[in-house]
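See below for the structure under consideration.
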Amino acid sequence: MSAQSELVMRTIEERNVRFVRLWFTDVLGFLKSFSITPAELEGAFEHGMTFDGSVIEGYSRVQEADMLAVPDPRTFELLPWAAESDGLAVARMFCDIWLPSGEPFAGDPRQVLRRNLERARRAGFTLFAGPEMEFFVFRDAKNLEPVDQAGYFDQTATTQTSQLRRRVILTLEEMGIPVEYSHHEIAPGQQEMDLRARDALDMADAIMTFRTVVKEVAEAGGVYATFMPKPLAGVNGSGMHTHLSLFEGDQNAFFDRNAADQLSEVARGFIAGLLRHARAITAITNPWVNSYKRLIPGYEAPVFVCWARNNRSALVRVPTPAKGRPESAGIEYRAPDPACNPYLALSVIIAAGLDGIEQGSSLPPEAVDNIWELDERERRALGIEALPSSLAEALDEMERSELVAAALGEHVFSHAIANKRAEWREYAAHISRFELDRYLGRL
């Protein structure tokens, strides 16, 4: 066993851990889990734990069912909400999924991200990511009544939501996930918590943990939290604006002290790649029918493919680095929503950015106007196109993209296309309340 695995074994004994939950995700980004006892853990580290992959969305066929879940000892954490009544603890670890032959399984989203980060490492880069996680809190899962009527940055110290945010932050801190900011967002019942930037693989794990913690804390408080991008009409949806930076060793590769705007050629190429492939990667960063109810004009969503400095109408925003802190230089990709599969979303984002760097792509002119206020003719004159307006359109763009196919690998790429095509067909065949209210009495 590795030194890290041995440390986990000692911690389990010292902390009286009774069960260890092994976590992994399916292709759609849903968290999967099964528990083992500490007696099984040494074998799990050495050989993995066998499970039936044919029942996991996007994994394998029945005749190729056996999979191995290999726990990553670096991800060991106690679950604060899951302690046994007798004081014995419960822990979790994220797993990489392997084939019985010992090869990494191509359908494992965590392995997909590992592969893309290895490509970045070979180019000399490490990707750091810091997402702004937005979500809604309702009275319960069936009642779309927000738990408050507060607005952006409103002080709601006596409400359920401010207490919920505090409990979430304290729980995350116990699990080694620091939160930089938390506040009420624009819509009633809508919250935001910004996670401190870290290595992209660790951040994808942290996002999965964050979503679980929020739901657990909300349930314990008698309310319901959802990461659905647009649960309410007429108000802003929930995004996952993601701050990104590349490092070369200890140096921020996006910062150039000698450039007029302090934006390095690496950063300019990365942004250019994101813009070039934005439409193609949207089906991954925004993977649900409901995602496109958020990506519409009028609700501060990043609808148009352009970049700017402090201009929040742009798809890619370049925040001003903190004075005297070049390591804080980065960009903000504003399209993703918090219900995406973070492993796959970060995979296509870094693939697009690296392609821009490798191709030496030119950065188009900065958008200096409020793009939301321009009409279609004015945007066309500026060469600014829109993100896909539906899941079907996004899938068309993705299916034509060699970059997305290579980033995801054939297994995940083909399954994602097939699954989402089926979702769109089901949605297209659905008769909505809107149609009945609008047409039934008139036609």
Kirkwood-type radius of the chain, with distances r between different C-alpha atoms, in Å: 23.0 Å
Pairs of lysine residues in the chain - Cα separation under 30 Å, sequence separation of 8 or more or cross-chain: 15
Dipole magnitude of the range 162-290 about its Cα centre (Cβ charges: Lys, Arg +1; Asp, Glu -1), debye to nearest 20: 500 debye
Estimated FRET transfer efficiency when R0 is 41 angstrom, pair Arg400-Arg15 (beta carbons, to 0.05): 0.20
Top positive-direction residue, dipole computed over the range 172-215 with Cβ charges, set Gly176, Val213, Met193: Val213
Rounded to the nearest 20 debye, dipole of the range 1-58 from Cβ charges on Lys, Arg, Asp, Glu: 220 debye
Label-zone membership for the range 168-206, site Ala220, 7 angstrom Cα→C-beta point, backbone N under 13 Å: 168-175
Separation in nanometres of the label points that stand 7 Å from Cα toward Cβ, at Ala260 and Phe434: 4.5 nm
Label-point separation, Glu103 to Glu46 (7 Å along Cα→Cβ), nm: 2.6 nm
Among Lys32, Lys230, Lys293, residue whose mean-square fluctuation peaks in a GNM of the chain (springs only between Cα atoms under 10 Å): Lys32
At R0 = 22 Å, FRET efficiency that the Cβ-Cβ distance of Gln149 and Glu300 yields, to 0.05: 0.70
Gain upon complete extension [Asn310, Asp199; 0.36 nm per residue less C-alpha separation]: 37.5 nm
Per residue, in Å², the accessible surface of the chain once ligands and nucleic acids are set aside, probe 1.4 Å: 46 Å²
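Report, in deg cm²/dmol and to the nearest 500, the calculated mean residue ellipticity at 222 nm for the chain, where each DSSP H run with n ≥ 4 adds -39500 (n - 2.57) and the sum is divided by the residue count.
The helix contribution divided over the chain gives -11500 deg cm²/dmol.
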Share of carbon and sulfur in the accessible heavy-atom surface of the range 183-235 [1.4 Å probe, %]: 54 percent
Compactness of the range 382-426, expressed as Rg and Dmax over alpha-carbon positions, Å: 11.8, 38
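The values are calculated or read from the model by the stated rules, or taken from the named source; none is laboratory data. The model shown is predicted, which means the values in this text are computed figures rather than measured ones. Note that each Cβ is placed from the backbone with ideal geometry, even for glycine, and that neighbours are counted across all protein chains shown. The protein model used for the area step is the full one, side chains on, heavy atoms only, and it has no ligands, DNA or RNA in it. Shrake-Rupley method; radii C 1.70, N 1.55, O 1.52, S 1.80 Å.
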